[in-house]
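**Student:** Sharing a structure, written as structure tokens. Questions coming.
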């Protein structure tokens with residue numbers, strides 16, 4: 001009897017391992033397809049309105065310009081420039097995304113006339129008082145996570161893959177992310193962010209996708225809700241342009257003070 005039990009337990013363990021391996025492989029396959037479908041965009045510019053809502057529904061808005069350069073050996077380069085209101089005008093945030101390890105990030109504060117490096121230990125912190133963290137602003141490179149396919153599920157009338165993204169970087173502010181990706185175009189529609197205690201922290205929804213150059217999809221609205229504070233941040237994008245001629249020189253930290 002004991003021998004039979006051992007064989008049964010071993011069989012169950014083997015089947016479990018096979019199932020986990022298959023789920024991980026399927027998760028990586030889906031995430032890779034998401035990445036591949038956005039390859040080749042070159043560079044982009046856009047404008048954005050960031051609206052911050054407190055737990056009582058009060059709001060403040062900021063006007064922002066965005067620039068992104070597609071990475072080659074490493075991740076993407078991105079630059080965010082604040083134009084209004086007056087108290088943040090001229091503030092600029094530069095990110096050099098890494099495929100492994102923490103990103104290189106800098107913030108230029110015009111009131112102090114200095115460039116501040118964002119330490120890797122602080123990248124889980126809130127970006128400019130919003131519900132987005134500094135690590136959310138960087139491009140989400142494939143190598144930054146391990147993946148596990150969970151299930152297929154309908155979301156907003158779309159058949160979606162539900163995939164768990166587990167951060168490789170131990171300094172990430174998240175224990176995991178659960179992502180809903182539509183099975184037709186491989187666009188992200190919803191992300192649940194779980195804190196280091198594995199409690200649901202935030203939910204991000206992408207709304208109003210538009211396609212550019214017959215290939216690249218961009219959402220018009222990002223809405224991030226913090227379930228633990230009751231606060232929200234809404235990003236509304238406009239005036240997308242692709243392949244505008246940006247180069248790595250446009251993303252140099254030494255020139256942050258001169259950004260216009």
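Nothing in this text is a laboratory measurement; each read-out follows from the coordinates by a stated rule. These figures come from a predicted structure and were not determined experimentally. Cβ coordinates were reconstructed from backbone atoms using ideal geometry, including for glycine residues, and neighbour counts include every protein chain displayed.
**Student:** Can you figure out the FRET efficiency of residue 209 with residue 254, using R₀ = 45 Å and their beta-carbon distance, to the nearest 0.05? Let's see the in-between values first.
**Tutor:** Details: r = 36 Å, r/R0 = 0.81.
Efficiency computed from Cβ-Cβ geometry: 0.80.
**Student:** Order these by the 10 Å Cβ neighbour count, fewest first: 194, 108.
**Tutor:** Details: 194 18, 108 22.
In increasing order of surrounding Cβ atoms, one gets 194, 108.
**Student:** Kindly put 103, 250, 238, 43 in sequence by how many other C-beta atoms sit within 10 Å of each C-beta, fewest to most. Let's see the in-between values first.
**Tutor:** Values: 103 23, 250 15, 238 9, 43 19.
Going from least to most buried by this count: 238, 250, 43, 103.
**Student:** What whole-number value in cubic angstrom gives the convex hull volume per residue for the C-alpha atoms of the chain? Don't jump to the answer; show the numbers that get you there.
**Tutor:** Numbers: hull volume 40.4 nm³, N = 260.
Hull volume over Cα atoms, normalised by residue count, gives 156 Å³.
**Student:** Kindly express, to the nearest 10 degrees and within the range 0 to 90, the angle between helix 2-37's C-alpha long axis and the longest C-alpha principal axis of the chain.
**Tutor:** Approximately 30 degrees, to the nearest ten.
**Student:** Could you pull the Rg and Dmax for segment 85-156, using just the Cα atoms, both in Å?
**Tutor:** For segment 85-156, the Cα-based Rg and Dmax read 15.8, 50 Å.
**Student:** Going by how many other Cβ atoms sit within 10 Å of their own, how do 242, 93 line up, fewest first?
**Tutor:** Lowest count first: 242, 93.
**Student:** Quick one: Cα centre-to-centre distance for segment 22-96 and segment 205-260, in angstrom?
**Tutor:** Computed from Cα coordinates, the inter-centre distance equals 4 Å.
**Student:** Counting helices only, and only those DSSP H runs with n ≥ 4, report the 222 nm mean residue ellipticity of the chain as the sum of -39,500 (n - 2.57) divided by its residues, in deg cm²/dmol to the nearest 500.
**Tutor:** Values: 2 runs with 40 residues, N = 260.
Per the formula, -5500 deg cm²/dmol.
**Student:** Using per-residue counts of other Cβ atoms within 10 Å, averaged over each peptide, order 168-180, 49-61, 195-207 from highest down.
**Tutor:** The peptides rank, most packed first, as 168-180, 195-207, 49-61.
**Student:** Please list the equivalent ellipsoid semi-axes of segment 185-238, computed as the square roots of five times the alpha-carbon gyration tensor eigenvalues, in descending order and whole angstrom.
**Tutor:** Working: eigenvalues 136, 34, 7 Å².
Taking √(5λ) for each eigenvalue gives 26, 13, 6 Å, largest first.
**Student:** If we restrict to alpha carbons, what Rg and Dmax does segment 165-260 come to, in Å?
**Tutor:** Cα radius of gyration and Dmax of segment 165-260 are 16.8, 44 Å respectively.
**Student:** Pick out which of 190, 72, 89 has the largest mean-square fluctuation in a Gaussian network model of the chain, springs linking Cα atoms closer than 10 Å.
**Tutor:** Residue with maximal mean-square fluctuation among 190, 72, 89: 72.
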